[in-house]
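**Q** After the structure tokens below, expect a handful of questions from me.
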Amino acid sequence: MPSLGGLLRKKRTKDSQGTNDPTSPTSPVDASSPLTPTTSKRTSGSFHLHTTKTNESAKSAHTSNNSNNTPPAPSPAQHKANDSMNPAAYAQQQHPPQQQTPSHNAPSIQNLIHPTNTSNAPSAASRNGGGGGGGGVQFQTQPLNQARVTKGKYSLTDFQIQRTLGTGSFGRVHLVQSKHNQRFYAVKVLKKAQVVKMKQVEHTNDERRMLQQVKHPFLITLWGTFQDSKNLYMVMDFVEGGELFSLLRKSQRFPNPVAKFYAAEVTLALDYLHSHNIIYRDLKPENLLLDRHGHLKITDFGFAKEVPDITWTLCGTPDYLAPEVVASKGYNKSVDWWSLGILIFEMLCGFTPFWDGGSPMKIYENILKSRVKYPPYIHPDAHDLLQKLITPDLTKRLGNLHGGSKDVMNHPWFAEVTWDRLQKKDIDAPYVPPVRAGVGDASQFDKYPEETEAYGQAGDDPCVKSPPYTVEHILTCPNSHGHLFPDF
């Protein structure tokens, strides 16, 4: 299996480079969004295996958020950046992929397995700021964004709803077009009554707060929030390429270099989140979207939480839960590194290591035993990394040691990754989704029945009063749901 050396050092042509600058007035809107799972997808939520100190119930709509890079400004002056991509054939195809955008120089997965020429690629160790084998990772961590103003920037009248991209327990995600800049976005709509019923108020508010603060090339962007009498609205990027989950299921499993590429981008995103004490807690292929160029965007921050030390909440997706979470013990950011190990395993093998007929309780039992059977086709370096990530021993789990995330980045499996270039998206992705840029192409998403209930209904919620609210007011207000979401 060839290395990722050529891929991770190959500089994108100027025309194919995606910009992530949300202030760029000329950047086209990306179209793609996270969606509710099909019957074969895994749902995430809170669980009650043992007595827990907190009870975080089923996660906010599995309608993962969608990625676009330009704010849907209510005025034409607002802008967004693109992450464009091109269609590429998958590994099993016998012919080279047809690229829709001539300027793109993105190799297909077939090219990764049988590269035509990688001899000229310089070694990772020779690059300043490169990561991996021998040379330390030396790019600077981005500072946490000063919280963007999201409340009250937009309203339902600013957008034209196109179609449903996905559905979930609490609502759905819509593809919308701004009436001002004509760009496409994804709007996540959550039904307040359902959020309250499922005890997801705290998670929903946390999701808004986390997304308001973060800014990273591989994280979804939240542009604004608003609410009406019955629903909460979150305006996000529209990430056109669809879910990594769909790509993985079509190909069954990824070649070693392809899995390495996606794992490296996730690693950079986790490094950024952890540097700001944010635990993601729901890593899985369903929550990873592909932009037009084939780069990842992590979406659905329903379980993300700011945790400087430890927390106890039992939440997430069964296959990806760390043993300390299943056992209702206090846990820290290292649970995300365990989940990264599960993700890498699933990408390389096509299944998760503790899956057992789909029974959550059997999965939990297997997780607590932590006995992993590694197929013989897994690369030795990948095998070594997985053993150091999927370990119940926190004193040995990479990412939780003295070197933190840099221990993961410097592992031999990632030796050829040039981390600074990867973070700049200055390399080509192994697969470029077959989507048309900037036209709201949602062909990579399943179709769903449209919402029958009209949005934007007038009512007493949200309340006209401003916080802080008195107990008397909350008890006498005709509809108090709005008090629970004061920042929307």
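Quick note: the coordinates plus some simple rules give every number you see, no bench work behind them. Model, not experiment: these values are computed from the prediction. Note that each Cβ is placed from the backbone with ideal geometry, even for glycine, and that neighbours are counted across all protein chains shown.
**Q** For the modelled label position 7 Å from the Cα of H276 along Cα-to-Cβ, which residues of the range 296-316 have backbone nitrogen atoms closer than 20 Å?
**A** Once the point is set 7 Å along Cα→Cβ of H276, 296-311 turn out to lie under 20 Å by backbone N, inside the range 296-316.
**Q** Could you tell me how far the Cα centroid of the range 226-269 sits from the Cα centroid of the range 353-413, in Å?
**A** 22 Å
**Q** Given 0.36 nm per residue, what is the gain on full extension from K362 to Q387 after removing their alpha carbon distance, in nm? Numbers along the way, then the final one.
**A** Details: separation 25, 0.36 × 25 = 9.00 nm, distance 2.12 nm.
Gain on extension, K362 to Q387, equals 6.9 nm.
**Q** Compute the distance in nm between two label points, each set 7 Å from the Cα along the Cα-to-Cβ direction, one at Q162 and one at S443.
**A** 1.3 nm
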